[in-house]
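Written out below as structure tokens is the structure these notes cover.
The values are calculated or read from the model by the stated rules, or taken from the named source; none is laboratory data. Bear in mind the structure is a predicted one, so any value in this text is a computation, not a measurement. We place every Cβ from the backbone using ideal geometry, glycine too, and count neighbours over all the protein chains shown.
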Amino acid sequence: MKIKTKLRLGFGFLFLVVISFGAISLYHINEIASRSKVILKDNYKSLVYVNDIRTALDAQNGTINSANAVQIEKALQLEEANVTEPGEKAAVLALRQAFDRLKQPNIMFAQQREAMSDIHLQLRNIDELNMNAIVRKNEKAQQATERATLFLSITASVTFIILFSFIVNFPGFIANPLRELLEGIREISRKNYKQHLNFKGHDEFSELALAFNKMALELKNWDNSNVAKIKSEKQRIETIIEQMQDAIIGLNEKQEILFLNKVAGQLLNLDSALAVGKSAEELAQKNELLQRILADQNSKEPLKIYADEKESYFMLEQREITIPNFDEFNDPTLIAVGKSVGKVYVLKNITQFKELDEAKTNFIATVSHELKTPLSSIKMSLKLLNDERVGTMNQEQSELVKHIKEDSERLLKITSELLDLAQVETGNLQLNFVRTNPADIVGLAVDAVNFQAEQKEIRLELQVPAKLPAVNADVQKTAWVLVNFLSNALRYSSEKSKVLVQVSEQHGFIEFSVRDFGKGIEEQYQKKLFDRYYQVPTDGQNKSGSGLGLAISKDFIEAEQGRIWVESAIGEGSRFCFALPIA
């Protein structure tokens, strides 16, 4: 029988028990109510009518006159319609006759007394008949109540026993197999593949037990067949790590050295056979290089190490080793997808690339420096050509000279940027820090681009507070950064628009920003804007630069302990910002 069928039968039986108990209870309660209702409906009303007649008589000192005759007649008619007990009809009839005699106009005093006596007598008879009936019916109702109480007590006891047995035994039908299955899964997780389940019956639990036992057998066969293969793979991996040219250091979750290849042993001056299994933190106390490696948090700066009889450069890479988490937790609701079992440190030798990079930097610096002299001569010659004292040029020649001048200025700007970049890369960047007013830096930058803004009819709007704290900065290089921001903003702004320059104090920093209202920069390009030689794709309407201006700006600002960033959205323009600490 399927589990679903068993659950339906169990809960169906429970439902029938509850319905049966409810039906028995309703039957007995209805019987008690009906008996009580009869008492209230019949006998109690007769007593009320008799009492109304007495009250009417007492109100007129036991006589009947026009004041109480109507009230007595009304009560008597109601009583005549409510005759329920044996003998009550004769008493009511006698009461009616006596009342009719008493209403006669010429009745004698003796007849009046006799009629009044009959009225009181019949009222007492009706009282006694109804009181006796109430006592009798009350006794029957009491007996019915006692019977109902007895039946309900017996029914409630039987129902309680049935429900208690159901509550105690039925959950075990589901919980016990699940508990055994949970214990079996835990044993399997501990690689105890001998664990088996045995459920009697032909339901889903028995099928689950068969599937579980088959799984355990398959896992056992798989484990036995793969142990040798895993050992072989382990030896192969260890051999590969040992033969690698990069230094590799592995730590377990306890910060103990798990493996150390030959290159790492030579760099750290450690014997791998003695170091494996030792605490890396204890070894680092006597080994400065190992201490630097453990303290490094994925820094982008290379490590300078004396190796191969020269100063060598190594890039440190750190990787965390994670595996599926099979640990037992006290909280059964906690689910962890994985846990850390250690770290791997890789020291890549980048000395050759560093030397090539330095050679490239020196070459760029040399070429840029050599280009500046002829470019300056070209600019001077162009200036002389524009002088009418040398000679007059036609329109085509003027246009050619204008284009040559623009290209030479662009080339001169690129060479200047390459020289600045060479200074940064070689570490020869010289900064002249002075205490200065932020407004002076803005003034220098705005003066440098005023002519360019006037040519495009772009309005430069300045928002610089009158009193701002001073900053310690290299005025020329900081102004150069601001000029670079403004030049880019003017280049990508439409004619007759505006560029907003703002300076404000923000949490211990002075923030400079330049905002244009052009088409904006897509989010995918914003993260690379400050990378060297990176250029945002253009629509061909604007000439792109060398891709160095923003990169050099970033180097200048960070050298001044500041930060630089961009905010932009398509259709809303761009806002380039940098912040310098207050002096």
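Consider residue 232 carefully, then state whether it is within 30 Å of residue 268 (Cα to Cα) and either part of a helix (DSSP H, G or I) or modelled with pLDDT of 75 or more (or both).
Criteria met by residue 232.
Evaluation of residue 269 against the conditions (1) over 42 Å from the mean Cα position of the chain (by Cα); (2) under 30 Å from residue 179 (Cα atoms); (3) not basic (Lys, Arg) shows that the sole unmet condition is (2).
Residue 545: touching a strand residue (DSSP E or B) at 6+ places or on another chain (Cβ under 6 Å), within 17 Å of residue 486 (Cα to Cα) and at pLDDT below 90, yes or no? Steps first, please.
Working: touching a strand residue (DSSP E or B) at 6+ places or on another chain (Cβ under 6 Å): no; within 17 Å of residue 486 (Cα to Cα): yes; at pLDDT below 90: yes.
So residue 545 fails the test.
For (1) in contact (Cβ under 8 Å) with a residue 40 or more places away in the chain; (2) closer than 18 Å to residue 342 by Cβ; (3) in a loop (DSSP other than H, G, I, E, B), each residue gets a yes or a no:
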{"residue": "219", "(1), (2), (3)": "no, no, no"}
{"residue": "223", "(1), (2), (3)": "no, no, no"}
{"residue": "236", "(1), (2), (3)": "no, no, no"}
{"residue": "241", "(1), (2), (3)": "no, yes, no"}
{"residue": "265", "(1), (2), (3)": "no, no, no"}
{"residue": "273", "(1), (2), (3)": "no, no, no"}
{"residue": "277", "(1), (2), (3)": "no, yes, yes"}
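Checked across region 415-433, the condition of being at pLDDT 75 or above and touching a helix residue (DSSP H, G or I) at 6+ places or on another chain (Cβ under 8 Å) holds for at least one residue.
Screening residue 191 against (1) within 19 Å of residue 178 (Cα to Cα); (2) not in a helix (DSSP H, G or I) leaves a single unmet condition, (1).
Looking only at region 561-583, count how many residues are among the small types (Gly, Ala, Ser), crowded, with 16+ Cβ neighbours inside 10 Å and not in a loop (DSSP other than H, G, I, E, B).
Taking region 561-583 as the starting set, the residues that turn out to be among the small types (Gly, Ala, Ser) are 562, 568-569, 571, 573-574, 579, 583.
Pick out the ones that are also crowded, with 16+ Cβ neighbours inside 10 Å and you get 562, 568, 573-574, 579.
Then drop every residue that is not not in a loop (DSSP other than H, G, I, E, B), which leaves 568, 573-574, 579.
The number of residues fulfilling the criteria is 4.
Total residues in region 77-94 satisfying the condition of being in contact with a Leu (Cβ under 7 Å, 6 or more places away or on another chain) and farther than 16 Å from residue 131 by Cβ: the figure is 0.
Can you tell me which residue within region 550-560, out of those that are of a type outside the set (Asp, Glu) and surrounded by fewer than 21 Cβ atoms within 10 Å (Cβ to Cβ), is nearest to residue 534 (Cα to Cα)?
This residue is 551.
For region 77-105, which positions are assigned to a helix (DSSP H, G or I) and either small (Gly, Ala, Ser) or buried (at least 19 other Cβ atoms within 10 Å of the Cβ) (or both)? Quick ask: steps written out before the conclusion?
Kept after step one, since they are assigned to a helix (DSSP H, G or I), are these residues of region 77-105: 77-80, 88-102.
79, 88, 90, 91, 92, 94, 95, 98, 99, 102, listed by residue number.
Mind counting the residues in region 149-175 that are surrounded by 11 or more Cβ atoms within 10 Å (Cβ to Cβ) and modelled with pLDDT of 75 or more? Number of matching residues: 12. If you go through region 342-369 and pick out every residue that is surrounded by fewer than 11 Cβ atoms within 10 Å (Cβ to Cβ) and either modelled with pLDDT under 65 or touching a strand residue (DSSP E or B) at 6+ places or on another chain (Cβ under 7 Å) (or both), you end up with 1.
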